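Please read the structure below before turning to the comments.
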Amino acid sequence: MAPVFPLSNGTMAKMRTGNRWAVVTPLVMVAAMVAVLTCSASAGGPASKPPKMTADVVYVPTPHDIVDKMLELVGVKKEDILYDLGSGDGRIVISAAKKYGCKATGYEIDDDRVAESLENVRKAKIGHLVEIKQEDIFTVDLSPASVITCYLLPQMNKRLIPQFQRMKPGSRIVCHDYPIPGAVAEKSYVVTSNEDGEKHYIYLYTVPLKVKESGKQH
């Protein structure tokens, strides 16, 4: 199977960790910023624009037939509230809303993907059911959702466990290609996509997650 990369997201926490020095020396940062803006103004140039938000993982969309299978296997219903973590071009939330009539929110960090997904929502005329939010998935309160869909690296899924465990009991999670490390999947499936000809792995979980206890003595 060719290498598969997850949907873009989940990197902001890492970026913030990498910028920990900014907390240690805030006065130095402020002074430097003032100096840069002053030089720009004196030169007659415009002030710097805020940096573009991008993810540092490669974006590869989930094939449409795998999207359909994920939603089918997790048992989406009209009364569900679905969150897609790392929602890319919005295809999962759009499909869920169009096919099942449920409310769906996509969380995405990349500027280009957010713009693309908003346009796709507009074209699908499904804005009354679908929202796209540009947020760091590791800061999102997942408790309002009854269904979570995600296509993320294993370590990212693992970081989300505390957020998953705060969801309402009985809430469902479906992961594409990568399981949640340390959690026991209730069911797993291998599905071959007619779109790309590849095998795709689908893992289903129910909250509260059944988490393996590491190092437990028997």
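The values are calculated or read from the model by the stated rules, or taken from the named source; none is laboratory data. Please read these numbers as outputs of a predicted model, since none were measured by experiment. So basically every Cβ, Gly included, is an ideal-geometry build from the backbone, and we count neighbours across all protein chains shown.
Within the range 98-128, the set of residues being surrounded by fewer than 20 Cβ atoms within 10 Å (Cβ to Cβ) and in a loop (DSSP other than H, G, I, E, B) comprises 101, 125, 126, 127, 128.
Of the residues making up the range 71-97, just one is assigned to a loop (DSSP other than H, G, I, E, B) and among the polar types (S, T, N, Q), namely 87. In the range 42-79, the residue that is modelled with the lowest pLDDT out of those that are small (Gly, Ala, Ser) and over 21 Å from the mean Cα position of the chain (by Cα) is 42. Within the range 137-152, the residues that satisfy the criterion of being surrounded by 17 or more Cβ atoms within 10 Å (Cβ to Cβ) and out of contact with any His (no Cβ under 8 Å at 6 or more places or on another chain) are 137, 138, 140, 142, 145, 146, 147, 148, 152. A residue that is under 23 Å from residue 81 (Cβ atoms) and surrounded by 18 or more Cβ atoms within 10 Å (Cβ to Cβ) occurs nowhere in the range 186-194.
One residue stands out in the range 179-196 among those that are part of a loop (DSSP other than H, G, I, E, B) and in contact with a strand residue (DSSP E or B) (Cβ under 8 Å, 6 or more places away or on another chain): the one that is farthest from residue 143 (Cα to Cα), namely 193.
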